[in-house]
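All of the numbers you see were taken from the coordinates with simple rules; none came from a lab. These numbers come from a predicted model, not from an experiment. All Cβ positions, glycine included, derive from the backbone under ideal geometry; neighbour counts span all protein chains shown.
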Amino acid sequence: MRTRPWELTDQLWERFAPLIPARPGRDPNREYQRKPGGGRHVADPRKTLEGILYVLRTGCQWNAVPRCYGGSATIHRYFQQWARAGFFQAAWKTGLMAYIELDHIDWEWQSIDGAMTKAPLGGEATGPNPTDRGKKRYQAASSGGRQGRSPLDRRNRSKRA
């Protein structure tokens, strides 16, 4: 049994490998400064896909991807390229078709569940923040920005009511 769901089995990789977009080649009509073979090395697409699945599964930042899957910038770049090329939609459809082959989906009956209600204790009836009640406007905590008084408050101290 797999303990790491982002690692691809050989059977799953055989289904996804043909869907991966081809790398763009060199334009024969353009003159390049570097010789063919220069520049970035081609990343292993299987390890790159596992790195992408690692981020999607764990929810970590791209920079936190383990190095065994490749560089984080490389993995993110491939993710963006493959997403624009429609790889993930094609992979989802392939997975869905494989699931239909194993266990038929009943498309006749579907259901959705959810609830949207009003917050019973929120709104204007609650009043201001309990820590700010009874304070003057300029004494209340600001909703954002830097801490302390603003420069405008220092300039207009004598004009406060």
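If we scan region 87-96, do we find a residue that is among the β-branched types (Val, Ile, Thr), part of a helix (DSSP H, G or I) and in contact with a Leu (Cβ under 9 Å, 6 or more places away or on another chain)?
yes
Which of the residues spanning region 55-111 are surrounded by 15 or more Cβ atoms within 10 Å (Cβ to Cβ) and charged (D, E, K, R)?
Answer for region 55-111, where residues must be surrounded by 15 or more Cβ atoms within 10 Å (Cβ to Cβ) and charged (D, E, K, R): just Arg77.
Given the structure, is Ile52 of a type in the set (A, V, I, L, M) and touching a Pro at 6+ places or on another chain (Cβ under 8 Å)?
Working: of a type in the set (A, V, I, L, M): yes; touching a Pro at 6+ places or on another chain (Cβ under 8 Å): no.
No, not satisfied.
Only residues that are outside any loop (DSSP other than H, G, I, E, B), out of contact with any helix residue (DSSP H, G or I) (no Cβ under 6 Å at 6 or more places or on another chain) and surrounded by 10 or more Cβ atoms within 10 Å (Cβ to Cβ): list them for region 14-32, please. It would help to see each step written out before you state the result.
Kept after step one, since they are outside any loop (DSSP other than H, G, I, E, B), are these residues of region 14-32: 14-19.
Filter once more, keeping what is out of contact with any helix residue (DSSP H, G or I) (no Cβ under 6 Å at 6 or more places or on another chain): 14, 17-18.
The answer is Glu14, Ala17.
Residue by residue through region 1-13, note down the ones that are of a type in the set (S, T, N, Q) and either over 14 Å from Gly95 (Cβ atoms) or in a loop (DSSP other than H, G, I, E, B) (or both).
Hits for region 1-13 are Thr3, Thr9.
Within region 33-70, how many residues are assigned to a helix (DSSP H, G or I), within 24 Å of Trp92 (Cα to Cα) and not charged (D, E, K, R)?
Of the residues in that region, 12 qualify.
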